[in-house]
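Asks: Right, I'll just put the structure down here and ask away after.
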Amino acid sequence: MINKEHWQNPKLLHINREEPRSFFIPYENKEKAIKGRFSSSSYFKSLNGNWKFTLVDSPFKAPSNFEKANYDDSSWNNIFVPSNFQMLGYDKPIYTNSSYPIPLDPPYVPDLNPTGLYRKEFFINSDNKEVFIVFEGVDSAFYLWINGHFVGFSKTPHVSHEFNITQH
């Protein structure tokens, strides 16, 4: 599913991403909502914490089937999310106020492009409710798979990305 046409097509920003809306957390009752502590809602689950992580120097060098539920990621490192892998010693930060360190040829993206692969195992009891996953500010283009199934893609950095994962 990794496809250069996704990130090099200026007219394609997302696949299967929900339409943007105001941020909210549902609560079971008014009293919990007034307190406003996300963690008190049984409809909220934070995925912050340790994730399995590996870095490849190109998205095309991602291990075969790494998105499958039964993929063995035991040799991968643990990384804390949310974070920035470049600031944790993987690759180098790309920030400059002078010359850009990557060849600039829009909309083309170099094949050698450090790519972080993240995996997290979690369980959601949906109780016949819709389930959404929200990423609040991914640094670049990304793909999402749940239980080995392609869910979506987005390439607008540093904005909220919400996907309906109920069927997965």
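Asks: Just to verify a result, which residue in the stretch 11-37, among those that are of a type in the set (Phe, Trp, Tyr) and farther than 25 Å from residue 145 by Cβ, is surrounded by the fewest Cβ atoms within 10 Å (Cβ to Cβ)?
Replies: 24
Asks: Name the single residue that is nearest to residue 9 (Cα to Cα) among those in the stretch 137-150 being hydrophobic (A, V, I, L, M, F, W, C) and part of a strand (DSSP E or B).
Replies: Among residues in the stretch 137-150 that are hydrophobic (A, V, I, L, M, F, W, C) and part of a strand (DSSP E or B), the one nearest to residue 9 (Cα to Cα) is 142.
Asks: Pairs only if they're at least six apart or on different chains, beta carbon under 9 angstrom, first in the stretch 43-55 and over 25 Å from residue 89 (Cα atoms), second modelled with pLDDT under 95 and of a type in the set (D, E, K, R); list them, first residue then second.
Replies: Partner pairs satisfying both residue conditions: 43/28; 43/129.
Asks: Hey, among 139, 91, which residue is at pLDDT 90 or above, of a type outside the set (Phe, Trp, Tyr) and either out of contact with any Asp or Glu (no Cβ under 7 Å at 6 or more places or on another chain) or exposed (fewer than 12 other Cβ atoms within 10 Å of the Cβ) (or both)?
Replies: The conditions single out 91.
Asks: Among the residues in the stretch 151-166, are any assigned to a loop (DSSP other than H, G, I, E, B) and in contact with a helix residue (DSSP H, G or I) (Cβ under 8 Å, 6 or more places away or on another chain)?
Replies: yes
Asks: Mind checking which residues of the stretch 78-88 are among the hydrophobic types (A, V, I, L, M, F, W, C) and either touching a Ser or Thr at 6+ places or on another chain (Cβ under 8 Å) or open to solvent by 80 Å² or more (accessible area, probe 1.4 Å) (or both)?
Replies: Listed by number, the residues that qualify are 80, 87, 88.
Asks: Quickly run through the stretch 151-168 and pick out the residues that are open to solvent by less than 50 Å² (accessible area, probe 1.4 Å) and of a type in the set (A, V, I, L, M, F, W, C).
Replies: Result: 151, 153, 163, 165.
Asks: Residue 75 - would you say it is part of a loop (DSSP other than H, G, I, E, B), polar (S, T, N, Q) and either within 27 Å of residue 166 (Cβ to Cβ) or open to solvent by less than 80 Å² (accessible area, probe 1.4 Å) (or both)?
Replies: When the stated conditions are applied, residue 75 does not pass them.
Asks: If you scan the stretch 109-168, which residues turn out to be closer than 19 Å to residue 41 by Cα, aromatic (Phe, Trp, Tyr) and in contact (Cβ under 8 Å) with a residue 12 or more places away in the chain?
Replies: Once the filter is applied, which keeps residues that are closer than 19 Å to residue 41 by Cα, aromatic (Phe, Trp, Tyr) and in contact (Cβ under 8 Å) with a residue 12 or more places away in the chain, the stretch 109-168 yields 122, 132, 135.
Asks: If a residue has to be assigned to a strand (DSSP E or B) and either of a type in the set (A, V, I, L, M) or open to solvent by 30 Å² or more (accessible area, probe 1.4 Å) (or both) to count, how many in the stretch 43-72 make the cut?
Replies: 6
Asks: Considering only the stretch 1-31, state which residues are among the charged types (D, E, K, R), out of contact with any Ser or Thr (no Cβ under 7 Å at 6 or more places or on another chain) and under 17 Å from residue 161 (Cα atoms).
Replies: Answer for the stretch 1-31, where residues must be among the charged types (D, E, K, R), out of contact with any Ser or Thr (no Cβ under 7 Å at 6 or more places or on another chain) and under 17 Å from residue 161 (Cα atoms): 18, 19, 21.
Asks: Here are 125, 97, 113: which of them is polar (S, T, N, Q), touching a helix residue (DSSP H, G or I) at 6+ places or on another chain (Cβ under 8 Å), assigned to a loop (DSSP other than H, G, I, E, B) and open to solvent by 40 Å² or more (accessible area, probe 1.4 Å)?
Replies: 113
The values are calculated or read from the model by the stated rules, or taken from the named source; none is laboratory data. All figures in this text were calculated on a predicted structure; none of them were measured in a lab. A quick note on method: Cβ atoms are made from the backbone with ideal geometry, for glycine too, and the neighbour counts reach across all protein chains shown. When the accessible area is computed, the model is the full protein with side chains, heavy atoms only, and any ligands, DNA or RNA have been set aside. Shrake-Rupley method; radii C 1.70, N 1.55, O 1.52, S 1.80 Å.
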